[in-house]
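Notes follow once the structure below has been shown.
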Amino acid sequence: MPHIQTDDNVSLYVEEAGQGTALVFAHEFAGDYRSWAPQVRYFSRRYRCITYSARGYTPSEVPPDVASYSQQRARDDLRCVMDALGIERAHVVGLSMGAFAALHFGMAFGTAESSARALSLTLAGVGTGSHPAAYANFQREALALADTIAREGMQKLAQTYGHGPARVQFRAKDPQGFAEFVQRLAEHPAVGSANTMRGYQAKRPSLYDLTDAIGAIKVPTLIMTGDEDEPCLEPSLMLKRAITTSQLAVLPGAGHAINLEEPESFNRLLAEFLAQVEQGAKFERDAHAKPMSILGPGA
């Protein structure tokens, strides 16, 4: 199985399929490299698709020290995957935790077109816990969830967290696909998931404290969310207003894991976006259409 080494000597499992412009996928907390199978099967016909398991997720290495997990580390791991594969520039697609990594990658490497390593960004299901009204409680819940994982294991997490308010939509539409998702979640190493919650999720900064850096992103950006993914709705609107080169797609009747729950819609929207980017579309918002505030009316 192919692995790459990060610059802090952690081994990450990577898979590739297809040829062409690189398309790198970063998975969510409840997923792993396998979560992108519907996208790899579709996009590898035209792109060089790269998926990887984040640190803490087998077959990648599972560092035992929580200090090895952070938002910055997740961003840099994405860069390390590209570096190890000799990829200078790529379309970067992330879901949830992976979308946070993709967004931070964009803030670091997507603010000037001449030096951007991101050809485009796709941020799906992004923003959970970021809203100022939710941030402190999210941090507490993430730490409590880490304790639950350490105490009761991944089977318990899969039957609770895996059936959360933004997951039931997937369960109703595709019982077999949902069962596979829950089974894979249960297979994740408890140490890696608990450390990810403690070191990454519970400590990542609120996006609302990073609006200047987010607003400096100048590469084409597609923001996607399900309309029943409540924690991500407001942050997705904020990102749309902040990133002047962005588009926002809201999938009706959809929850959090939209790439699995609505693969046809997800792939269609992403394919159209990528096609426009490769034809030179910049998506720069007309000055007359810019909002008064990225925080919405009355802010």
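Gln72 to Ser11: extension gain in nm, 0.36 nm per residue of separation minus the Cα-Cα distance?
Working: separation 61, 0.36 × 61 = 21.96 nm, distance 1.68 nm.
Length gained between Gln72 and Ser11: 20.3 nm.
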Please grab the % of Cα pairs in region 181-299 that end up more than 22 Å from each other.
49 percent
Evaluated over the chain, the Cα radius of gyration and Dmax, each in Å:
17.8, 54
With R₀ set to 25 angstrom, the calculated FRET efficiency between the beta-carbons of Leu233 and Glu278, to the nearest 0.05, is 0.25
For the charge dipole of region 124-232, defined by +1 on Lys and Arg C-beta atoms and -1 on Asp and Glu C-beta atoms about the Cα centroid, which residue among Ala166, Ala136, Ile223 has the Cα displaced farthest towards the positive pole?
Ala136
Would you work out if region 1-149 is rounded, prolate or oblate? Take a ≥ b ≥ c from the square roots of the eigenvalues of the alpha-carbon gyration tensor; rounded if a/c is under 1.5, else prolate when a/b is larger than b/c, oblate otherwise.
prolate
Percent relative contact order for region 176-254, counting Cα pairs under 8 Å at least six residues apart, stands at 29 percent
If eta is 1.002 mPa s and T is 20 °C, what Stokes-Einstein diffusion coefficient results for region 133-211, Kirkwood Rh from Cα pairs, in µm²/s?
158 µm²/s
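Please tell me the relative contact order of region 37-185 in percent, rounded to the nearest whole number, where contacts are Cα pairs under 8 Å and at least six residues apart. Don't skip to the end; give the middle numbers.
Numbers: 113 pairs, mean separation 20.3, N = 149.
Computed over region 37-185, the figure is 14 percent.
Quote the charge dipole size of region 208-299 about the Cα centre in Debye, to the nearest 20; the model charges only the Cβ of Lys and Arg (+1) and of Asp and Glu (-1).
On the way: 7 positive and 14 negative charges, 106 e Å.
For region 208-299, the charge dipole is close to 520 debye.
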Across the chain, how many lysine pairs, 8 or more positions apart or on different chains, have C-alpha atoms separated by under 26 Å? Please give the number.
9
Counting each DSSP H run of 4 or more residues in the chain as -39500 (n - 2.57), what helix-only mean residue ellipticity at 222 nm follows after dividing by all residues, to the nearest 500 deg cm²/dmol?
-12500 deg cm²/dmol
For the ranges 173-182, 46-55, what's the packing order if you count other beta-carbon atoms within 10 Å of each residue, average per peptide, and put the highest first?
46-55, 173-182
Over the chain, what is the relative contact order in whole percent, taking alpha-carbon pairs under 8 Å and six or more residues apart?
19 percent
Mind giving me the FRET efficiency for Thr58 and Arg140? R0 is 35 Å, r the Cβ-Cβ distance, nearest 0.05 is fine.
0.80
Any chance you could check the Cα centroid distance between region 72-130 and region 240-295 for me, in angstrom?
16 Å
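Throughout, read-outs are computed from the coordinates displayed, never taken from laboratory work. These figures come from a predicted structure and were not determined experimentally. Cβ sites come from the backbone with ideal geometry, for glycine too, and all protein chains shown count toward neighbours.
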